[in-house]
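Okay, so here's the structure we're looking at.
The values are calculated or read from the model by the stated rules, or taken from the named source; none is laboratory data. What you are looking at is a predicted structure, and each value in this text was computed from that prediction instead of being measured. With ideal geometry, Cβ positions are generated from the backbone for all residues, glycine too; neighbour counts draw on all protein chains shown. With ligands, DNA and RNA removed, areas are computed over all heavy atoms of the protein, side chains included. Shrake-Rupley method; radii C 1.70, N 1.55, O 1.52, S 1.80 Å.
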Amino acid sequence: MKIISGAGGLWPSLDAATIGALVAAAHARGLLVVAHVSSGAGVEEVVSGGVDVIAHVPADAELDQALVARLAGAGIAVGPTLATVENTLGGSGGAAVAADPRLAGGLGEEWVRRLTAEAPRLGGRRLPPYSRAEANVRLLAAAGVTLLAGTDAPNPGTVFGASLHRELELLVRSGLDPAQALAAATSAPARVFGLSDRGCVGTGLRADLVLVSGDPLQDITETRSIERIWRGGTACDRHYFVASAAETEQLEAFDAQIAKVVEAVRQRRTAAQRRPERA
């Protein structure tokens with residue numbers, strides 16, 4: 001189950017009591033709880049609420065060492081989504097992905113347009129430095145917190161698939177070694193989400209495989225030097241998808257999802273602005 005804590009951030013938020021009640025009800029039914037946060041205060045709130053996974057690493061302030069220790073002690077995993085944080089805070093990681101010749105052949109015009117799209121500016125607010133996000137990931141990694149590779153696509157500047165290569169690069173830049181970054185994209189999420197049939201190469205497991213020509217243990221960007229892909233043991237042609245009917249359908253679904261979320265947030269903010277202040 002996914003919940004939102006906007007404490008200390010810009011987005012609508014559940015209150016602490018509701019978060020605690022939702023976590024208790026979900027755990028009673030054997031469900032994992034993933035919490036969206038956008039601030040250090042949000043991390044504090046959801047850690048106290050007992051969630052299992054935190055999505056996004058905050059950049060508004062350096063994470064408190066005691067809070068990081070609580071995260072590690074509770075076994076809470078974190079998906080930093082640095083690829084989206086980077087673009088949101090004014091970086092050009094998406095454009096860098098689009099310009100990489102190792103990935104260009106598998107990207108169509110529409111995917112490139114999304115990768116090079118700028119994130120909307122949040123009401124003229126001064127943005128925190130992206131470097132703080134990487135510093136917070138470094139703190140989490142040093143404390144032994146399980147990190148999960150994800151991108152939060154399809155936010156502006158990110159797309160599914162290609163942006164994960166950028167995420168791996170940013171994780172390594174934030175202090176993980178290449179083997180740890182690869183684990184964050186494979187065995188770690190399989191373990192955290194109880195997907196026992198995947199995440200590693202082994203007899204009887206799903207054959208979801210990517211063959212590359214370089215050595216990503218030496219240079220993590222060699223994950224982009226793709227030779228072949230297998231999904232569930234079936235060889236895939238990654239170039240076939242470009243400009244296909246399936247691509248069009250998927251892109252339209254992505255755009256509809258984003259429009260729905262943006263409209264919901266807009267309506268929530270409008271309602272809050274119109275609500276009279278209590279005496």
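A few points about this structure:
- Sequence-separation-based contact order of segment 1-51, relative, with Cα cut under 8 Å and 6+ spacing, percent: 49 percent
- Exposure check, 1.4 Å probe, all protein chains in place: Ser225 carries approximately 20 Å² of accessible surface.
- Sorting Lys260, Lys2 by solvent-accessible area of protein heavy atoms yields Lys260, Lys2, largest first, with a 1.4 Å probe.
- Of all beta bridges that DSSP places with both ends in the chain, some 40 percent have antiparallel geometry.
- Positive contributions from Lys and Arg (+1) and negative ones from Asp and Glu (-1), summed over other residues with Cβ under 13 Å from the Cβ of Val85, come out at -2.
- In terms of accessible area, using a 1.4 Å probe and ignoring ligands and nucleic acids, Glu109, Glu252 rank largest first as Glu109, Glu252.
- Rounded to 0.05, the FRET efficiency of the Tyr240 and Ala24 pair, given R0 = 45 Å and the Cβ-Cβ distance, is 0.45.
- Think of segment 77-175 as a dipole: +1 on every Lys or Arg Cβ, -1 on every Asp or Glu Cβ, centred on the Cα centre; then among Ala98, Ala119, Gly157, Ala119 lies furthest on the positive end.
- Structural descriptor for the chain: relative contact order 14 percent, calculated from alpha carbon pairs under 8 angstrom and at least 6 residues apart.
- Exposure of Ser196 as accessible area (Å², to 10), given a probe of 1.4 Å and all protein chains: 110 Å²
- Summing charges over neighbours of Glu110, with a neighbour being any other residue whose Cβ is under 14 Å away from its Cβ, gives -3 when K and R count +1 and D and E count -1.
- Gyration tensor (alpha-carbon) shape descriptor, segment 82-231, a/c threshold 1.5: oblate
- Computed from point charges on the beta carbon alone (+1 for Lys and Arg, -1 for Asp and Glu), the dipole magnitude for the chain about its Cα centre is near 760 Debye.
- For segment 120-244, with +1 on Lys and Arg beta carbons and -1 on Asp and Glu, the positive-most of Ile220, Leu171, Trp230 along the dipole: Leu171
- The heavy atoms of Arg138 offer some 110 square angstrom of accessible surface to a 1.4 angstrom probe.
- For segment 130-153 versus segment 214-228, the gap between their alpha-carbon centres in whole angstrom: 21 Å
- Cβ-defined net charge surrounding Pro154, 9 Å radius [Lys, Arg +1; Asp, Glu -1]: -1
- Shape parameters for segment 200-257, alpha-carbon atoms, Rg then Dmax in Å: 14.8, 40
- For segment 13-75, dividing the convex hull volume of the Cα atoms by the residue count gives 73 Å³ per residue.
- Heavy-atom accessible area per residue - the chain, 1.4 Å, Å²: 53 Å²
- Take every pair of alpha-carbon atoms less than 8 Å apart whose residues are at least six positions apart; their mean separation over the length of segment 51-94 yields a relative contact order of 48 percent.
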